[in-house]
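First comes the structure, then the notes that go with it.
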């Protein structure tokens, strides 16, 4: 029974973290709109800088043990594995930075509605492309989520 309670507690913590993350992301556009007087690239640089500082602090303060384990693991990798890992991380960072830039640009120069629509459509398209191109299997609940998301986009 004690183990089940611990598992339930862990799940609750993860669900709470997910809900908070979505809430922050949902209200993020309200913070950006008053910044429309600033160039999108300036906002992006500030966001990257601030996120880097915050994530470094969180990692060093709260996840030091994991950081040390990851550094040790990285040192055990071969040259090619290290290179591949670095290239994948850099590539992911470039794509994420591009994503942020386009989000901020559309928010500042077009409209919140267009930004919201673009961000609502992306997961739907990603899921459908994974289904058709990668032959991913989707269950009924996932298809329901796609249908509800599509309906939300149509209402927007």
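Tabulated results
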| read-out | value |
| --- | --- |
| Checking residue 61 against (1) under 26 Å from residue 24 (Cα atoms); (2) surrounded by 10 or more Cβ atoms within 10 Å (Cβ to Cβ), the condition it does not meet | (2) |
| Selection within region 127-156 - in contact with a helix residue (DSSP H, G or I) (Cβ under 9 Å, 6 or more places away or on another chain) and not in a helix (DSSP H, G or I) | 136, 137, 138, 156 |
| The one condition in (1) surrounded by 10 or more Cβ atoms within 10 Å (Cβ to Cβ); (2) modelled with pLDDT of 75 or more; (3) under 20 Å from residue 106 (Cα atoms) that residue 37 fails to fulfil | (1) |
| Evaluation of residue 133 against (1) more than 23 Å from residue 22 (Cα to Cα); (2) assigned by TED's automatic domain parsing to the domain that holds residue 22; (3) modelled with pLDDT of 85 or more (one fails), failing number | (2) |
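The values are calculated or read from the model by the stated rules, or taken from the named source; none is laboratory data. Remember, predicted model here, so these are calculated numbers, not experimental data. Counting neighbours? That spans all protein chains shown, and the Cβs are built from the backbone with ideal geometry, glycine included.
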